[in-house]
1. In region 410-429, which residues are open to solvent by 50 Å² or more (accessible area, probe 1.4 Å), in contact with a helix residue (DSSP H, G or I) (Cβ under 7 Å, 6 or more places away or on another chain) and under 17 Å from Ala21 (Cα atoms)?
2. Take Arg241 and tell me if it is open to solvent by 40 Å² or more (accessible area, probe 1.4 Å) and over 21 Å from the mean Cα position of the chain (by Cα).
3. Enumerate the pairs (first residue in region 285-303 and more than 17 Å from Gly275 (Cβ to Cβ); second residue anywhere and open to solvent by less than 20 Å² (accessible area, probe 1.4 Å) and of a type in the set (Ser, Thr, Tyr)) with beta-carbon separation below 7 Å, excluding pairs fewer than 6 apart on the same chain, so at least 6 apart or on different chains.
4. Counting residues that are over 20 Å from the mean Cα position of the chain (by Cα), which strands (runs of 3 or more DSSP E) fully inside region 57-150 reach at least 1?
5. Taking region 430-464, which residues are open to solvent by less than 40 Å² (accessible area, probe 1.4 Å), in contact with an Asp or Glu (Cβ under 8 Å, 6 or more places away or on another chain) and of a type outside the set (A, V, I, L, M)?
6. Please identify the pairs in which a residue from region 451-465 that is in contact (Cβ under 8 Å) with a residue 40 or more places away in the chain has its Cβ atom under 8 Å from the Cβ atom of a residue that is open to solvent by 40 Å² or more (accessible area, probe 1.4 Å) and basic (Lys, Arg), counting only partners at least 6 apart or on another chain.
7. Name the single residue, out of those in region 314-326 being assigned to a loop (DSSP other than H, G, I, E, B) and open to solvent by 10 Å² or more (accessible area, probe 1.4 Å), that is farthest from Leu103 (Cα to Cα).
8. Here is a list of conditions, (1) in contact with a Ser or Thr (Cβ under 8 Å, 6 or more places away or on another chain); (2) at pLDDT 95 or above, and Gly421 meets all of them except one; can you say which number that is?
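The values are calculated or read from the model by the stated rules, or taken from the named source; none is laboratory data. Note that the structure is a prediction, hence the values are computed from the model and not measured. Using ideal geometry, Cβ is built from the backbone for each residue, glycine included, and neighbour counts are taken over all protein chains shown. Surface areas here come from the heavy atoms of the whole protein model, side chains and all, with no ligands, DNA or RNA. Shrake-Rupley method; radii C 1.70, N 1.55, O 1.52, S 1.80 Å.
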Amino acid sequence: MAAPATPGTADGAERLVIENAHIATVDAAGTEYAHGHLVVAGGRIEALGAGPAPEGLTGVTRRVDASGHLVTPGLVNTHHHFYQWITRGLATDHNLFDWLVALYPTWARIDEPMTYAAAQGSLAMMARGGVTTAMDHHYVFPRGSGDLSGAIIRAAAETGVRFTLARGSMDRGEKDGGLPPDFAVESLEGALAATEETIDRHHDASFDAMTQIAVAPCSPFSVSTELMRQGAELARRKGVRLHTHGSETVEEEQFCKELFGMGPTDYFASTGWLGEDVWMAHCVHMNDSDIDAFARTGTGVAHCPSSNARLAAGIARVPDLLAAGVPVGLGVDGTASNESGELHTELRNALLVNRLGPHREAALTARQALRLGTHGGARVLGRGDQTGSLEPGKLADLVLWRMDTLAHSSIADPVTALVLGAPAPVTLSLVGGRTVVEDNHLTTVDEDAVARSTREAAQRLARIAAGG
């Protein structure tokens, strides 16, 4: 039986009907329909259930026969650095700190056109691979570089994905013991003022918002304690979320103990950076006390397994975080430490990498990995009531994955095929009911044009960094 229609749906609304699909709702009960239907109206999910759609639906403008397909919520990316798209393939054999030291001098020379091109590339790759909600943690604002936040937000709007810009900042340069060059950091006052201006100009708190802003000082080793404290105060005064890097490497833990006399989690607690409105990237090196603090306060985690492996950071304790009730989502991380730049890799690697840890084969299941990449991510971004699962009344952010091709057709369970198999073709991806991908191609931007633009931006940045 179909679920009831969304209350308040007006008669005469245009409807899209999907039938004959295996539907993984990723709702609280993990409901699945082996042969089901889903109805979209007014940008939201109106109904879904087993069997064909109800007869007599009005205003049906399109019917999709989804035989051989899996329908899931759209993927949600909880941590990224878009600008790094134009510095992929560099410093490939470095740990985090050495990698940062190698690349900061190049990153410190980005400008608005480069940032826009890089954002286009990052967004296009994710959207084509089933991401419907993206985020970008942008924290490099060289002096005189232009409106970088505006460029990123413009690229996201053009791509058509739901988007959170975590407006980052750094005020601890080399002269103050930080890693970034001094000319690439902001002043305390400048960073706070620019962040508040970005919130005022761009943040949308509505249910179906396409653009939201978070306050996001970069990391303990590139930010002053005062920027952390005042950043938290600003976010709560404005009613937006907070994001930063945390507990990524052993070196970071040593840095915090030497500089602050405590580990990262205790430092975050001392600056107001634990709470239901906070999520941290990575969280690889956490002890039981750290996990308890995150669980007690509702602080979220963006798990980035590919980047953590690329930079030899370690394996996050995801099974223990989940068991404690910590909200956990998945992140691509910057494409200078995860050159693939798409989230399917993170579904697969989250499962595989965590099985190398102490929980072994019991670490994660395929369905847990899918939940991390959908509802888990939506919860981390504070949007779990709006997206991340397929339920009546939620936003129509969903993906039809084709599972009957050579790559997947001999795997009986489509969720296992999606998570453990090769990247599945995206037959249709909707954001708020609007088509973003059709037949494995973006409908909102020209992929070839984006490829040319990003290649040119990467070459221009390389020339500038080399002094040419």
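1. Residue satisfying the conditions is Ile411 alone.
2. Working: open to solvent by 40 Å² or more (accessible area, probe 1.4 Å): yes; over 21 Å from the mean Cα position of the chain (by Cα): no.
Answer is no for this residue.
3. Close Cβ pairs satisfying both conditions: His285/Ser247; His285/Thr249.
4. Working: elements: 60-65, 69-73, 131-138.
Passing ranges, in order: 60-65, 69-73.
5. Gly432, Thr444
6. Every condition considered, the pairs that remain are Ala458/Arg88; Leu461/Arg109; Ile464/Arg109; Ala465/Arg109.
7. First, the residues of region 314-326 that are assigned to a loop (DSSP other than H, G, I, E, B): 314-317, 325-326.
So of that shortlist, the ones also open to solvent by 10 Å² or more (accessible area, probe 1.4 Å) come out as 314-315, 317, 325.
Details: Gly314: 21, Ile315: 24, Arg317: 28, Gly325: 36 Å.
My answer is Gly325.
8. Every condition holds for Gly421 apart from (1).
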